Amino acid sequence: MYTQLGPTEAQASSMRTIILGEIARQRTARMRNRRLTIGAIALVAAIGTGASAIAITQATTREMNYSVDCYTVADLGAPHGTTTLLDGPSDSLLTIEDRAAGALAACETSWKAVPTEKEPSWRPIEVPNPTVCQLRDGRLAVFPNENNAPDDELCRQIGISVPSL
């Protein structure tokens, strides 16, 4: 007499299908949870980095009042000089008119003082129609405006804005 002690072949096949299906379902759930966790971590890191970059890159009142970038090409990526004006009171922001006038005067002075060639017969840098724009950190910069475009148009083409409070 023959007694079968285990499951039949059909029962074993059914159990194998159920077990493998459960393993696949758990693996899918684990992968989905892992992706959600990684996505949440990346989002938190991106938001934190962006917020700290904004906080770090904002110029101080003193820098906004007394520091200006002077460009000889209308391009933020171009080499340029940074001029610091004589210090004054730093507890409040100067009017935009005073800041713009100081920026123009400082850049015009530096362009006259800097040689364009390494030869002894250097001459001042010619910057047509200097235009004042406001950098993202709040400081001012002066750019050449060769086509005499309106100030807001030139600043927008460069990727920044016209000076404002």
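The values are calculated or read from the model by the stated rules, or taken from the named source; none is laboratory data. Since this is a predicted model, take the numbers as computed values, not measurements. FYI the Cβ positions are ideal-geometry reconstructions off the backbone, even for glycines, and counts take in every protein chain you see.
Looking at Glu146, Glu119, Glu153, which is the one that is at pLDDT 80 or above, in the same structural domain as Leu85 (by TED's automatic domain parsing) and either hydroxyl-bearing (Ser, Thr, Tyr) or assigned to a loop (DSSP other than H, G, I, E, B) (or both)? Don't jump to the end; show me each part of the working.
On the way: Glu119 fails: at pLDDT 80 or above; Glu153 fails: either hydroxyl-bearing (Ser, Thr, Tyr) or assigned to a loop (DSSP other than H, G, I, E, B) (or both).
Just one listed residue meets the conditions, Glu146.
Mind checking which pairs have a first residue in the range 61-79 that is in contact (Cβ under 8 Å) with a residue 60 or more places away in the chain and a second that is crowded, with 16+ Cβ neighbours inside 10 Å and of a type in the set (Lys, Arg), Cβ under 8 Å, 6 or more apart or different chains?
Matching pairs, first to second residue: Glu63/Arg139; Met64/Arg99; Met64/Arg139; Ser67/Arg139; Val68/Arg139; Asp69/Arg139.
Scan the range 91-108 for residues that are surrounded by fewer than 13 Cβ atoms within 10 Å (Cβ to Cβ) and either modelled with pLDDT of 80 or more or on the phi > 0 side of the Ramachandran plot (or both) and jot them down.
Those that are surrounded by fewer than 13 Cβ atoms within 10 Å (Cβ to Cβ) and either modelled with pLDDT of 80 or more or on the phi > 0 side of the Ramachandran plot (or both): Thr95, Glu97, Asp98.
Filtering the range 76-90 down to residues that are in contact with a helix residue (DSSP H, G or I) (Cβ under 9 Å, 6 or more places away or on another chain) and surrounded by 14 or more Cβ atoms within 10 Å (Cβ to Cβ), which residue is modelled with the highest pLDDT? Outline the logic, then answer.
Let us first name the residues in the range 76-90 that are in contact with a helix residue (DSSP H, G or I) (Cβ under 9 Å, 6 or more places away or on another chain), namely 76, 81, 83-90.
Filter once more, keeping what is surrounded by 14 or more Cβ atoms within 10 Å (Cβ to Cβ): 76, 81, 83, 85, 90.
On the way: Leu76: 88, Gly81: 80, Thr83: 77, Leu85: 72, Ser90: 64.
In this case the residue turns out to be Leu76.
Residue by residue, here is whether (1) under 30 Å from Thr95 (Cβ atoms); (2) of a type in the set (Ser, Thr, Tyr); (3) at pLDDT below 85 holds:
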| position | (1), (2), (3) |
| --- | --- |
| Gln4 | no, no, yes |
| Leu20 | no, no, no |
| Arg27 | no, no, no |
| Arg30 | no, no, no |
| Arg35 | no, no, no |
| Val44 | no, no, yes |
| Gly50 | no, no, yes |
| Ile54 | yes, no, yes |
| Thr57 | yes, yes, yes |
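Which ones in the range 139-156 are surrounded by fewer than 17 Cβ atoms within 10 Å (Cβ to Cβ) and touching a residue at least 60 places away in the same chain (Cβ under 8 Å)?
Answer for the range 139-156, where residues must be surrounded by fewer than 17 Cβ atoms within 10 Å (Cβ to Cβ) and touching a residue at least 60 places away in the same chain (Cβ under 8 Å): just Glu146.
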